[in-house]
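Every read-out reported here was derived from the displayed coordinates using simple, explicitly stated rules and does not represent laboratory data. Keep in mind the model is a prediction, meaning the values are calculated, not measured. Backbone-built Cβ (ideal geometry, glycine too); neighbour counts: all protein chains shown.
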Amino acid sequence: MTLQDMADPTTLYPEQQDILIALKQLFTAVECEVNKATITPQIFHDILIHLEQTHEQFHRFEFVKILQKKIDDSLSVIIENELSKRPNSEPLDVIPEVTEVVFSSPEFVALQESFCLSMQEIIDVMVEIYHDPIRWEIGTPYLKDKNYVSNDDLSSSSNQTGCMFFTSDQYFQIAQNLDPGMPKHVRQNALNCLFKTAPGECEHWPVIRQGIMDGLADEDYNFAEESLSLHAKLFNSGTSHSTAELYTSLSGHLIQHFQSSATYHVEMRNGLDTAHKNTRCLLRRFMLLSIFQHDITSFWIRCHERYMIQPITQTIELLSLNVPEDGCLKPLHFLSLFDHKALWFRKWLPGWFSR
């Protein structure tokens, strides 16, 4: 690769281009700190080292996800094998032992060497184009074509009209307008308002929770799906508190669904009919719930214990439910379709985060 080529992001492999975009997102997130007049290399180093503790969106950065996937793909087998050799050991004893084995493994050495080599090429490109705004943007021309969320996206609504801040009275009015007894257009307008809610606006969630849960169970298929999209959108831009509230709302809706004998229940007599509209609805809800279960633990490091209690208790309640009719799928069956090894459960165990 020549010096000229190094300045051209298109010479990178597709995977390296993805990492370049992800690094740009990461650097943008800490730019306000880096640009301070008093910044020094040591302070910048400390900012990056402690970013997980200080930045609530840390686990949603694409670079973190890419790195996590590489680690999972290369080292998960070794880690699971080592854990299986120590079934009765205390978590505080197991973690250092397994870590030492993994760090000395040929797989880890190969991963480290290949990733560092690839990152060096990416950093060379970034250094060349960083101070040229035009080339910096041209370097990521496909940014909007990817399922990518930048900091700007986190503060915009689903229709790109910008976020809105509502007063307590306005949230109360939205909650009233979401009532199933209100006309359809009134409920739709209320739902559209919530799509424009600014990230972090979670203190009013208890006021609107019931209306959102009613929306998930609405007989109007499109309205119910929009309510589910709202959960996904807010989850993608929320805080520790709002994530717990969203999980509670979705799991509460599913609890109500399976407790009711009047709602649709999936039978397995002739296999799982994924073409059925109601079956697809349930599958999408459990898919989002499964995503919640894997990601919600990322917030437990820095959120108050009271935010953890209700999601845990509602999960236990949901998984312990039986269905009114024999031969119908239970909530546990649905979750197993998306996580058949129950990896989320391992993440929820106290030893995972030592809480």
**OP:** Using a cut-off of 13 Å between beta-carbons, work out the net charge of the residues near Leu337 (Lys and Arg +1, Asp and Glu -1, Leu337 not included).
**Re:** +4
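Kindly flag which residue pairs out of Lys184/Lys347; Lys233/Lys330; Lys24/Lys341 have an alpha-carbon separation exceeding 30 Å in this structure.
Details: Lys184/Lys347 41 Å; Lys233/Lys330 27 Å; Lys24/Lys341 34 Å.
Among Lys184/Lys347; Lys233/Lys330; Lys24/Lys341, the Cα-Cα distance tops 30 Å for Lys184/Lys347; Lys24/Lys341.
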Subject >> Values of log10 I(q)/I(0), in the order q = 0.09 Å⁻¹, for the stretch 14-120 under a Debye, Cα-only, solvent-free model >> reply: -0.33
Original post:
By how many nm would the segment from Cys116 to Ile43 grow when fully extended, if each residue of separation counts as 0.36 nm and the alpha-carbon distance is taken off?
Top reply: 24.0 nm
Original post:
So, in nm, how far is label Lys277 from label Ile95 when the simple model puts each one 7 Å beyond its Cα toward the Cβ?
Top reply: 4.9 nm
